[in-house]
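Working notes, beginning with the structure itself.
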Number of protein chains: 2
Amino acid sequence: MTVDLYCFGESGHSYKAALTLTLAGIDWRVRYVDFFAGEARTPEFRTINPMGECPVYVDGDLTLTQSGVILDHIARQTGSFGGETDEERREVLRWLLWDNHKMSSQVGVLRFLMNFLPEDKRPQEVIAFLQGRAKAALAVLDGELANRTWIAGGAGPTIADFSCCSYLFYPEPFGFDRGDWTHIDRWLSDIEALDGWKHPYDLMPRAYRATA
Amino acid sequence: MTVDLYCFGESGHSYKAALTLTLAGIDWRVRYVDFFAGEARTPEFRTINPMGECPVYVDGDLTLTQSGVILDHIARQTGSFGGETDEERREVLRWLLWDNHKMSSQVGVLRFLMNFLPEDKRPQEVIAFLQGRAKAALAVLDGELANRTWIAGGAGPTIADFSCCSYLFYPEPFGFDRGDWTHIDRWLSDIEALDGWKHPYDLMPRAYRATA
């Protein structure tokens with residue numbers, strides 16, 4: 001059975017799922033969503049995901065949304081990337097939640113406001129505020145990665161790494177520069193060196209077309 | 001063994017843990033953190049939680065942070081509130097993640113900015129932006145609760161309910177009025193009717209003292 005992943009290139013949450021599927025060696029294919037043309041808000045897409053969001057994972061009768069649920073499902077199904085002990089599994093969940101709460105939730109919105117809104121519609125006070133929060137999250141991540149190879153602390157990478165890293169591989173500026181964060185930079189290099197790793201724009205087609 | 005919960009009344013994330021411990025019938029006690037006086041940033045507290053956040057759950061040798069991890073641990077330990085089937089457990093995780101990503105992360109910051117910052121330091125553009133995002137999250141929650149009693153869809157309440165509801169019981173204004181949301185209002189009443197339910201300020205002492 002081939003897994004269908006509803007996604008588009010710019011979606012960092014989609015990349016978490018696409019990367020985990022790829023590294024787990026699962027047969028999957030892109031179901032491209034023309035997000036910036038409004039496809040995620042159409043009635044057809046809402047029948048797949050009422051929240052109008054990507055990614056959506058479809059495997060036969062099973063439809064999953066929320067990237068963390070998809071990652072947890074892949075880890076359980078394959079026995080890979082989910083942590084080996086109870087303590088590691090708790091750490092994996094802790095960092096998945098932290099990513100959703102402190103990292104991707106801030107950085108995803110920030111990158112959107114700074115790159116995918118028309119220049120005269122970018123709310124500068126909001127951008128400055130979110131940059132402050134993003135910087136605090138990056139400082140936490142960098143500090144933790146000073147102490148260990150992988151964020152959840154085990155011998156190998158887990159879905160917590162694939163969740164936390166996703167937005168940090170994108171080229172669009174949002175106030176993150178790898179050169180500023182020694183330990184994050186080392187960790188991203190370790191992820192890039194994993195067998196089968198691909199950049200988000202090599203896994204999923206881009207949906208954004210700049211307008212004048 | 002008595003569980004120690006490092007917490008303070010205004011912390012919606014702490015309330016998730018305090019409420020779940022209470023409803024699960026676990027013997028626990030408040031370890032009060034004088035948050036607004038900066039106690040969470042002291043070296044002593046950082047040895048308990050390097051991230052400087054509440055809640056922290058301590059049961060003998062086991063220390064847990066991130067409210068979702070604490071809730072998941074309580075559900076596993078007691079066999080209560082975690083969902084009965086694989087599908088329910090995935091739904092519980094989905095709503096825990098959604099809460100961290102879309103609900104508490106926005107509403108918690110918004111309530112802080114609107115109530116616990118000095119009036120002349122409240123960033124109005126940021127507040128308006130976060131209110132828009134909070135309203136979108138509330139609309140999703142209200143729409144989903146129109147279809148079922150509990151958010152994860154099973155026969156009884158789960159930790160997903162206790163996570164998503166937490167900030168909605170607080171009296172401080174942040175743009176949420178129960179009267180505006182029929183299904184959320186019904187659901188909050190159902191939670192209040194659970195045996196042992198208590199308001200956040202009846203479970204944990206308040207830390208905020210307004211200054212002129």
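The values are calculated or read from the model by the stated rules, or taken from the named source; none is laboratory data. This one's a predicted model, so the numbers in the text were calculated from it and none came from an experiment. Counting neighbours? That spans all protein chains shown, and the Cβs are built from the backbone with ideal geometry, glycine included.
A residue that is modelled with pLDDT of 95 or more and within 19 Å of the chain's Cα centre (by Cα) cannot be found anywhere in region B:117-128. When you look at B:S189, is it hydroxyl-bearing (S, T, Y) and closer than 20 Å to B:A24 by Cβ, yes or no? So B:S189 does not fit the description; no.
Candidates B:F176, B:F116, B:F162, B:F112: the one that is more than 10 Å from chain A (Cβ to nearest Cβ), of a type in the set (F, W, Y) and either farther than 25 Å from A:V126 by Cα or in contact with a Pro (Cβ under 8 Å, 6 or more places away or on another chain) (or both) is B:F162. Among the residues of region A:122-138, those identified as of a type outside the set (S, T, N, Q), within 12 Å of chain B (Cβ to nearest Cβ) and part of a helix (DSSP H, G or I) are A:E125, A:V126, A:I127, A:A128, A:F129, A:L130, A:G132, A:R133, A:A136, A:A137. At least 1 residues being at pLDDT below 95 is the threshold, and among the helices (runs of 4 or more DSSP H) wholly inside region A:1-95 those reaching it are A:43-48. Away from chain B (no Cβ under 14 Å), surrounded by 14 or more Cβ atoms within 10 Å (Cβ to Cβ) and out of contact with any Cys (no Cβ under 6 Å at 6 or more places or on another chain) - does that describe any residue in region A:61-77? No; the residues of region A:61-77 include none that is away from chain B (no Cβ under 14 Å), surrounded by 14 or more Cβ atoms within 10 Å (Cβ to Cβ) and out of contact with any Cys (no Cβ under 6 Å at 6 or more places or on another chain). When B:D142, B:D161, B:D190, B:D177 are checked against the criterion of being within 17 Å of the chain's Cα centre (by Cα), of a type in the set (D, E) and surrounded by fewer than 18 Cβ atoms within 10 Å (Cβ to Cβ), a single residue qualifies: B:D190.
When B:G38, B:G12, B:G52 are screened for being away from chain A (no Cβ under 14 Å) and either surrounded by fewer than 16 Cβ atoms within 10 Å (Cβ to Cβ) or in contact with a Phe, Trp or Tyr (Cβ under 9 Å, 6 or more places away or on another chain) (or both), only B:G38 passes. Within region B:111-134, is there a residue that is of a type in the set (D, E) and surrounded by 21 or more Cβ atoms within 10 Å (Cβ to Cβ)? No, the conditions are met nowhere in region B:111-134.
None of A:E144, A:E192, A:E172 is out of contact with any strand residue (DSSP E or B) (no Cβ under 6 Å at 6 or more places or on another chain), closer than 24 Å to A:G68 by Cβ, in contact (Cβ under 8 Å) with a residue 40 or more places away in the chain and among the charged types (D, E, K, R) except A:E172. Answer with yes or no whether A:D185 is modelled with pLDDT of 95 or more and either surrounded by 15 or more Cβ atoms within 10 Å (Cβ to Cβ) or in the same structural domain as A:Y15 (by TED's automatic domain parsing) (or both). Judged against the criteria, A:D185 is a match. Taken over region B:165-212, the residue count meeting the criterion of being assigned to a helix (DSSP H, G or I) and under 23 Å from B:Y32 (Cα atoms) is 8.
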